[in-house]
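I have placed the structure first, in the form of structure tokens, so that the comments after it can refer back to it.
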Amino acid sequence: MKPILKSRRGETLIEVLVAIIILVVGALSAVKLLGLASINSQLTKERVIATNLSREGLEAVRNIRDTNWLRFGGERRLCWNNIDVSECVDTDDGDGVTDDPIVHEQNYIVKFDTGTFRWELEEVSTGELDLSDELADNTAYRLETGSNGLYNHIDDTPDDPADDTIYFRQIYTEYLNDDQTQDATTNASNNILRVTSKVEWMDRGRISDVTLTTILTDYLGRKNHD
């Protein structure tokens with residue numbers, strides 16, 4: 001009988017060890033899954049924010065067009081794509097095109113002025129936004145947050161220090177021909193504007209991006225000026 005009892009005790013010990021191993025493996029798997037779920041949740045959150053920021057870039061340019069439309073009602077075809085929404089003139093050559101147009105094939109950042117509550121376009125001359133290029137100067141495209149917590153291109157001051165975010169936004173503008181199949185050769189007299197809003201960000205060593213586009217005109221004409 002004693003040998004039988006010893007055999008049963010040995011079998012019981014092995015069963016306990018196997019059960020412990022199974023529990024440990026299961027616990028480690030659960031922890032790993034929770035970690036992956038947390039990472040995926042963060043990545044999803046980042047992409048949602050980037051998509052909204054990219055969409056906001058398009059809506060900002062649209063808002064500038066709409067403000068021009070309302071402010072310069074009598075000169076809509078002249079002023080619809082004017083950058084400065086406070087003044088619109090054609091004094092250079094009288095060609096029916098504003099002296100301060102949104103430029104053809106130009107990179108911009110779009111800023112919200114919290115003083116005037118207006119969107120502003122500002123040219124960027126440092127090249128394309130490209131986080132994959134270590135030599136590229138992307139500083140101008142970086143979005144920051146101030147005391148209000150909103151994403152913006154902020155002039156950092158002691159009174160309102162800005163915090164860098166992981167997001168960079170570029171607005172690219174180009175005028176199209178009437179059939180919208182190719183770029184126009186110049187912005188003079190063109191009435192079809194394609195706006196591209198690109199947001200890039202880097203997290204955990206991986207670069208991601210969201211790019212959205214829209215077509216804007218002066219409402220009156222769906223084709224370019226005669």
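Could you please find all residues in the range 80-91 being within 27 Å of the chain's Cα centre (by Cα), without any contact (Cβ under 8 Å) to a residue 60 or more places away in the chain and surrounded by 17 or more Cβ atoms within 10 Å (Cβ to Cβ)?
Correct list: ASN82, ILE83, VAL85.
Please determine whether any residue of the range 68-78 is within 30 Å of GLU174 (Cβ to Cβ), exposed (fewer than 15 other Cβ atoms within 10 Å of the Cβ), at pLDDT below 80 and touching an Asp or Glu at 6+ places or on another chain (Cβ under 9 Å).
Checked the range 68-78: no residue is within 30 Å of GLU174 (Cβ to Cβ), exposed (fewer than 15 other Cβ atoms within 10 Å of the Cβ), at pLDDT below 80 and touching an Asp or Glu at 6+ places or on another chain (Cβ under 9 Å).
Which pairs do you get when a residue that is surrounded by 13 or more Cβ atoms within 10 Å (Cβ to Cβ) and at pLDDT below 90, found in the range 197-218, comes within reach of a residue that is outside any strand (DSSP E or B) and of a type in the set (Val, Ile, Thr), reach meaning Cβ atoms under 8 angstrom, with the pair 6+ apart or on two chains?
Note: pairs meeting the criteria are THR217/ILE192.
Out of THR157, THR114, report the one residue that is surrounded by 13 or more Cβ atoms within 10 Å (Cβ to Cβ), out of contact with any His (no Cβ under 6 Å at 6 or more places or on another chain), at pLDDT below 90 and farther than 16 Å from LEU58 by Cβ.
Selected residue: THR114, the only one of THR157, THR114 that is surrounded by 13 or more Cβ atoms within 10 Å (Cβ to Cβ), out of contact with any His (no Cβ under 6 Å at 6 or more places or on another chain), at pLDDT below 90 and farther than 16 Å from LEU58 by Cβ.
For the range 92-116, which positions are without any contact (Cβ under 8 Å) to a residue 12 or more places away in the chain and of a type in the set (S, T, N, Q)?
If the condition is that a residue be without any contact (Cβ under 8 Å) to a residue 12 or more places away in the chain and of a type in the set (S, T, N, Q), then THR116 is the only one that fits.
List pairs: first residue in the range 23-34 and touching a residue at least 40 places away in the same chain (Cβ under 8 Å), second residue basic (Lys, Arg) anywhere in the structure, Cβ distance under 6 angstrom, at least six positions apart or on different chains.
That search, which allows pairs on different chains as well, returns nothing.
State yes or no: is ASN40 in contact with a Phe, Trp or Tyr (Cβ under 9 Å, 6 or more places away or on another chain) and either modelled with pLDDT under 80 or assigned to a helix (DSSP H, G or I) (or both)?
no
Pick from the range 121-152 the residues that are in contact with an Asp or Glu (Cβ under 8 Å, 6 or more places away or on another chain) and part of a strand (DSSP E or B): which of them is surrounded by the fewest Cβ atoms within 10 Å (Cβ to Cβ)?
THR145
Is it the case, given these coordinates, that LEU58 is part of a helix (DSSP H, G or I), at pLDDT 80 or above and under 30 Å from TYR141 (Cβ atoms)?
Considered against the rule, which asks whether it is part of a helix (DSSP H, G or I), at pLDDT 80 or above and under 30 Å from TYR141 (Cβ atoms), LEU58 comes out as yes.
The values are calculated or read from the model by the stated rules, or taken from the named source; none is laboratory data. Remember, predicted model here, so these are calculated numbers, not experimental data. Cβ coordinates were reconstructed from backbone atoms using ideal geometry, including for glycine residues, and neighbour counts include every protein chain displayed.
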